[in-house]
Each structure stands twice: as C-alpha cells, then as structure tokens.
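Where a number appears in this text, it was derived from the coordinates with a stated rule and is not lab data. Because the structure is a prediction, the values reported are computed rather than measured. As a convention, Cβ positions derive from the backbone with ideal geometry for all residues, glycine included, and neighbour counts pool all protein chains shown.
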Amino acid sequence: MKYRILYLTGFFLFFFWDGHLMAQIDADKQEIVKLLDGKKEAFAEVAHKIWEYAELGYLEEKSSGLLQEMLREENFEVQAGVAEIPTAFVASYGSGSPVVGILAEFDALPGVSQQAVPYKVARPGSSAGHACGHHLFGTASAATGIAIKHLMASGKIVTGTVKVFGTPAEEGGSGKVYMSRAGLFDDVDVMLNWHPSSTNSASAGSCLAIKSAKFRFYGAAAHAAGAPHRGRSALHGVEAMNDMANMLREHVPQATRIHYVITKGGDAPNVVPAEAEVYYYIRHPDMRQVKSIFERLVKCAKGAALGTETTMDYEVIGGAYNLLPNGTLARMMHNNLEVVGGVEYNDDEVQFAKEIMQSYPEMKVSPEDAAKVREFRISEFAAPYSTDVGDVSWLVPTVGLATATWVPGTTAHSWQAVAAGGMSIGYKGMMVAAKTMALTAFDIYQKPEIIEKAWQELKERRGSDFKYEALLGDRKAPLDYRVN
C-alpha cells in the first residue's frame, strides 16, 4: 500500500491512502474504513444479486430477504413485515440511546431493462432495472449498520442502538410514509440515508412534495357507429379531465408540476369505452400547496364526469413531503465525505465511462469528475425530484448524501444508470456512501450534543404548530400498484 504525504496542519497529518484523502485523526475511524474495505467484495455480491432480481415496489421479496439475511448473520434482531408491508423490515443492534437509524431502499423501476455494458441492450428475461440504484442504496445502508455493530461489539461505542430500516417501494409507492405513519421512526434520534448519483455531495437541500392518484371513469359501452347515442365514453371523461387539468396549469403556483399518463383508454375504436383510467402526479416545493392543488384536480375530475355523463372515483396511490434540510448534520457528513473522497476509476472503468459518455455528447464531463467532491452548501431550493424520505425528515433530523455510482453526466432512471450500477463503478460509489455514513454515525455516537442541535434546527424549520398528517391519508399501502 502506497502513502504520499500531502500536507501538515495543526496536529493532523493528511495523506493519500489508495488514492483517497484520509485524515489520521481517529484510529476508530480508520478501523471503520478497514472493516468496510475488508467486506467490499461480499457487499458487491449482495448488491449485484439485487441488481439481477430487479424487483418492483412492494414485490421485493428476494431483495428484502437477502438484506435481512445479511443482517441476521451479523446478529441484528430483524422484525419483518412491519407497517403491514411484507417486504418492510427493521433490523436492530445494541441498546439504549442514542438511536441512529439508517434507511435502506431496494426497489427497481419498470421498463428499463439493461445489461452491465456501455451501450443500450436489454437484459434477457427482465423488463425492469435498477435505474435509480436502489440495489446499491440498500446494500450500503446495511453495510453501514454492520460497521457500527462491530464498533459496538468491540466496545468502541459504549452505548447506543443502530437500526437499519428496510423501506420498500420508494418509486411511487411511498413505503416510508406508511412506516412513518406506523410510528416506526418515533424512537430514532438521527436518521441517515444516501442516494446513488453521478456526483459526490453532502449538501443540505430540499425537493418537491408529491401526491399521486389514479382517476377511474365509468360509462356505458355501445357500438361506436351503430348506436353511439346509447354510449357514454369513459375515455371522454378522462380526456375532459385532462383538458381541465391542462387549463389549471395557468392558475397554480409557478413551481407546480403536473404529470399524467392514460393507463387505460379502451380496447377497440368501434366500442365506446366503458372504463378508462388516468394516473396523475402533483408536485410542489411545499407539501401544503400539493394538498391544495390536488383538491382542485379532484374538482376537474368531478366536472369531467358530470359533463360526459359518466361516473368517477379515484384512488390515492402515494404522497410524500418535501425534504427538510438539516445543516447541522449535513456539515458533519460533508466533512466525512471529504475524508473518504470520491470514486477513482481504473483503466477499464475509464474506458467504460468514455463509452457511456458517447451516449450524451452534449455533456461536458470527464471520468475524472467522479473523484471530485462538491462544495458544501445549504440551499432552500427544491431539487426537481420527490422522495418518501421527505416525510421522515419532518419527524426525525435526517441527513443524506449522494455518491458517484454512475458515470459523470448520467441521469437517474436511464439505461446508463442501470449499466454502471451493475458493475464496479457502482460498487465503488456504494462503498464511498457506506464509509461516509458509518463515519458520520460514529461521530453522532461520540458527540451527543450534535443530536440536540439537530433537533433544535428541525423544530425551527417545521414550526411550533406542526402536526404530522400523511398526504396519502389513511389508506393502506398499495401492495399491488406495480402489478399489471
């Protein structure tokens, strides 16, 4: 192993270790990194199995089971099927306070089957893929829990509990919301999470709140040519609703996003459709605005049914709050990310990255960008995505990071993300996340005053009159939302 001195400042010696910037400030932290490095091949194997399973939301039986098995082998106490969700679990180790929680996701996305190669080609036998990298997400989170467990078992952490939360169906299924509603996070002092990305960052920021629903219209079938007067088109109900929703866009706050797809529109042009369905997402940086705009959308649906002489009902599918940033925790995580460093490619990975980059030539990026760590900042800007981590962040001080599991320039939900996530580039980024979260968790156990400061920030941000009410109401988890 080669070491090269970088500089000396104060009492701390900084140096390159295997190409990453490490700080010789705490032997226990060095032990965390060494422990995780020693298990990186095993963790990569678990991640790749979940990548191959590519199970959709609430159907992740093998993926969830694999993570549970890994944690049980490390003497975690695992409670499965929590919050009335078969694939949700809580794995606990230790006792007493503080309680550090770690979120673990593992669902794939439909329609993005891809092999681990730098060109677009579907994986035989699979129509889904991990285009958001949740196979890496869940594995790194479990790895973090295992690293902390070893420090507890060796007496390096004297008191405290670590909990790994297996959270299904992040992609539109709002799994964490049902777990929040069930009170599973009530005893957690601080929550850690991360997400795959094409960059490395631990800044504090927000995102868009979301509420989704399927609107179903019911009419009367008839021969479209021979007896159209006897028909009442459910499809016309959907189209009328969409027309009104599109006019609604002019009269909502500017940051609003409204998306829809017609999921059922009839079977034959010569039959007046008796049933039709449209699936809507409403997004806004403020969850209160989402609730208000959704109520207006329901009025559009009711008006459409009235005007087309059809009937209508709707099913709320998901809903999540916007993220509440926590600068106190984010600064700590950023410092640890800088210690760990970004992702450095070998020659084969550089070649893979260059081939991937040919698929988006407009991007001005290079393979070397994966090794960079972005500057820390606290932003009130809502990033244009939604996550059910949002609800958790309103209940528990929550911090997250992104690491370069994808080739620089790659966007989420793409075949390029699936490809990089199925090979060594993804696994390297996964280990950066695991190390950073484990070092951050260790700091929290050693400095309980950080917890108090983080809770103070949370309470100030959410306001004294805050009362948690899930945007999806009291419905049960839609366990079949990915079933065709």
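Taking every DSSP bridge with both residues inside region 45-170, close to 70 percent are antiparallel.
In a fully extended conformation the segment linking Thr263 and Arg288 would gain 6.3 nm over its present Cα-Cα distance, using 0.36 nm per residue. Counting every other Cβ atom within 10 Å of each residue's Cβ, Phe376, Phe215 order from fewest to most as Phe376, Phe215.
Once the gyration tensor of the Cα atoms in the chain is diagonalised, the equivalent ellipsoid follows with semi-axes of 42, 25, 21 Å, ordered largest first. Residue by residue, region 384-398 carries 3J(HN,Hα) couplings of x, 8, 10, 8, 6, 5, x, 4, 4, 5, 8, 9, 9, x, 10 Hz when phi is fed to the Karplus relation 6.51 cos²θ - 1.76 cosθ + 1.60 (θ = phi - 60°); x denotes Gly or Pro. Loop-located GluC sites (Glu not before Pro) in region 356-393 (DSSP state not H, G, I, E or B) with no more than 16 neighbouring Cβ atoms inside 10 Å: Glu362, Glu375.
Report summary: the helix-based calculation at 222 nm, which adds -39500 (n - 2.57) for every DSSP H run with n ≥ 4 and divides by the residues of the chain, gives -12000 deg cm²/dmol. Amide H to amide H distances under 5 Å link Ala224 with Val271, Val272, where only residues 5 or more positions off or on other chains count and H is placed in the peptide plane. What angle do you read, to the nearest 10 degrees and between 0 and 90, between the alpha-carbon axis of helix 347-357 and the longest principal axis of the chain? It works out to around 30 degrees.
For Val99, the residues whose amide H sits under 5 Å from its own are Thr161, Asp189, Val190, ignoring neighbours fewer than 5 places away on the same chain, with H placed 1.01 Å from N. Backbone phi angles across region 259-273, fed through the Karplus curve with coefficients 6.51, -1.76 and 1.60 (θ = phi - 60°), yield HN-Hα couplings of 10, 8, 9, 7, 8, 8, x, x, 10, 8, x, 8, 10, 4, x Hz in residue order; Gly and Pro are listed as x. The slack in the chain from Asp243 to Glu61, taken as 0.36 nm per residue of separation less the alpha-carbon distance, amounts to 61.5 nm. Among the lysines of region 209-320, pairs at least eight places apart or on separate chains and with Cα atoms under 16 Å apart come to 7. Using alpha carbons only, how many degrees (0 to 90, rounded to 10) separate the axis of helix 234-248 from the longest principal axis of the chain? With both axes taken from Cα atoms, the answer is about 60 degrees. Note on Ser233, Ser366: ascending count of other Cβ atoms within 10 Å places them as Ser366, Ser233, the fewest first. Among the chymotrypsin sites (Phe, Trp or Tyr not before Pro) in region 89-148, those located in a DSSP loop and surrounded by at most 13 other Cβ atoms within 10 Å of their own Cβ are Tyr119.
The alpha carbon centroids of region 143-186 and region 376-421 are separated by 18 Å.
Label-to-label distance for Ala27 and Lys453 is 2.7 nm, based on points extended 7 Å past Cα in the beta-carbon direction.
For region 224-233, the Karplus equation 6.51 cos²θ - 1.76 cosθ + 1.60, evaluated at θ = phi - 60°, returns couplings of 5, 9, x, 8, x, 5, 8, x, 9, 7 Hz by residue, with Gly and Pro reported as x. Beta bridges per DSSP, both residues in the chain: antiparallel share near 70 percent.
Counted by Cβ distance under 14 Å from Cys300, the other residues give a net charge of 0, where Lys and Arg count +1 and Asp and Glu count -1. For trypsin sites (Lys or Arg not before Pro), the sites in region 395-484 that DSSP calls loop and that have at most 15 other Cβ atoms within 10 Å are Lys467, Arg475, Lys476.
Taking the number of Cβ atoms within 10 Å of each Cβ as an exposure proxy, the fewest-first ranking of His48, His130 is His48, His130.
Counting alpha carbon pairs within less than 8 Å and at least 6 residues apart, what relative contact order, in whole percent, applies to the chain? Computed over the chain, the figure is 22 percent.
Annotation: amide H of Ala131 within the under-5 Å range of Leu109, sequence separation 5 or more or interchain, hydrogens built in the peptide plane. The angle separating the long axis of helix 61-73 from the principal Cα axis of greatest extent in the chain is about 20 degrees. A straight Cα-to-Cα reach below 20 Å connects Lys354 with the aspartates and glutamates Glu344, Glu362, Glu368, Asp369, residues fewer than 8 places away in its own chain not being considered.
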